[in-house]
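Where a number appears in this text, it was derived from the coordinates with a stated rule and is not lab data. Everything numeric here is computed off the predicted structure, so don't read it as measured data. Using ideal geometry, Cβ is built from the backbone for each residue, glycine included, and neighbour counts are taken over all protein chains shown.
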Amino acid sequence: MTVRFWGARGSIPTPGPNTVHYGGNTACIEIRYGDNQRIIVDAGTGIKPLGDHIARTELKNGPIKTRIFLSHTHWDHIMGFPFFTPIFIPGTELDIYSAVSYEDEGLESVFGFQLSYRFFPIRQSELAARITYHELKEETIELEEGMRVTTKFLNHPVLCLGYRFECEGKSFCTCYDTEPFRNVFPEDPEDPDYDEFAAEDGRAAAHEENQKLFRFIHGADAVVYDTQYTEEEYRASKVGWGHSSYEYAIKACHNNDVKRLYFFHHDPARTDEQLSRLVNGYRRGIAGRSRLQIDAAREGLELEL
């Protein structure tokens, strides 16, 4: 597998001189495997330069066929889709996968709403590509040329999926737009809504979901983990926002024999200088105590697994 990052920023694109190194585009990851097979993870603004690259280098050989796996349909993870060049090329075939997004609306309806005249000049029905939508739950999918895709529900304010891609003995996991599962019931006996049994059940359920996630990433060759905040930032005011800390990601990956961790979903307010300082600081913090390799995802970075 070859993995390339086309966008690693969280929440909103952040172009400018302070984000040149790590990039300002929102989430988009390309996976190449087998005999020129491609998978795209998320359709943030990073999918725009990916589409332009495909148009320059591949369309002369005919239309493309590929799969897009979405973590979820929050705006920063789909906002680049209307600008993805292949959707305007006759013969393009796309299979788009995601969790059931919101109430009774299916995935096709979500994209149809995005591609309506109030937001975009071209409607979904006017696209040249043939697009098939697939709604996922926790499951495993077997694709061509030995690729296996396993999904895991994450902890985010909308249904969100992590993915584990396994091919030819290598494994790559995406685990972002998530935070540790926690007890949703009051644990303080002085709280008027406190219920001893509910509190105990809530603790057990949160523990089990966190353990499932640890098993999901266990032994992976590379994991892309949500690190929008430091632990101090998270504890101060970000609990419940659906994002994790650097410290939590490092601990989770270290304890579960992950080989390489890539920080992802960078806070839009974080500059290149600040990100580099954090990466170097966390590297020093685990030096000599962990075999885990740490880096921050950045646009253009390629991983060979």
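Could you list all residues from the range 95-152 that are hydroxyl-bearing (Ser, Thr, Tyr) and out of contact with any Leu (no Cβ under 9 Å at 6 or more places or on another chain)?
109, 116, 117, 140, 150
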(request) Among the residues of the range 127-155, write down those that are within 24 Å of residue 219 (Cβ to Cβ) and part of a loop (DSSP other than H, G, I, E, B). (result) 137, 138, 139, 143, 147, 154, 155
(message) So residue 80 ticks every box in (1) in contact with a Gly (Cβ under 6 Å, 6 or more places away or on another chain); (2) of a type outside the set (A, V, I, L, M, F, W, C); (3) without any contact (Cβ under 8 Å) to a residue 12 or more places away in the chain but one. Which box is left unticked?
(response) (3)
(request) Pick out the one residue from 34, 62, 23 that is over 13 Å from the mean Cα position of the chain (by Cα), surrounded by fewer than 16 Cβ atoms within 10 Å (Cβ to Cβ), farther than 24 Å from residue 140 by Cβ and small (Gly, Ala, Ser). (result) 62
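Could you check the range 192-305 for strands (runs of 3 or more DSSP E) lying wholly inside it with 1 or more residues that are in contact with a helix residue (DSSP H, G or I) (Cβ under 9 Å, 6 or more places away or on another chain), of a type in the set (Phe, Trp, Tyr) and within 18 Å of residue 170 (Cα to Cα)?
On the way: elements: 222-226, 260-264, 293-296, 302-304.
Qualifying strands (runs of 3 or more DSSP E): 222-226.
Being charged (D, E, K, R), more than 24 Å from residue 19 (Cβ to Cβ) and exposed (fewer than 14 other Cβ atoms within 10 Å of the Cβ) is the filter here, so list the residues in the range 239-283 that pass it.
Of the residues in the range 239-283, the ones charged (D, E, K, R) are 247, 251, 257, 259-260, 267, 270, 272-273, 277, 283.
Add one more test, that the residue is more than 24 Å from residue 19 (Cβ to Cβ), and what stays is 251, 257, 259.
Scanning the range 239-283 gives a single hit, 257.
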(message) So residue 226 ticks every box in (1) over 18 Å from the mean Cα position of the chain (by Cα); (2) buried (at least 21 other Cβ atoms within 10 Å of the Cβ); (3) of a type in the set (D, E, K, R) but one. Which box is left unticked?
(response) (1)
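Here is a yes/no grid of residues against (1) touching a Phe, Trp or Tyr at 6+ places or on another chain (Cβ under 8 Å); (2) basic (Lys, Arg); (3) exposed (fewer than 14 other Cβ atoms within 10 Å of the Cβ); (4) not in a helix (DSSP H, G or I):
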position: 108; (1), (2), (3), (4): yes, no, no, no
position: 117; (1), (2), (3), (4): no, no, yes, yes
position: 125; (1), (2), (3), (4): no, no, yes, no
position: 159; (1), (2), (3), (4): yes, no, no, yes
position: 177; (1), (2), (3), (4): no, no, no, yes
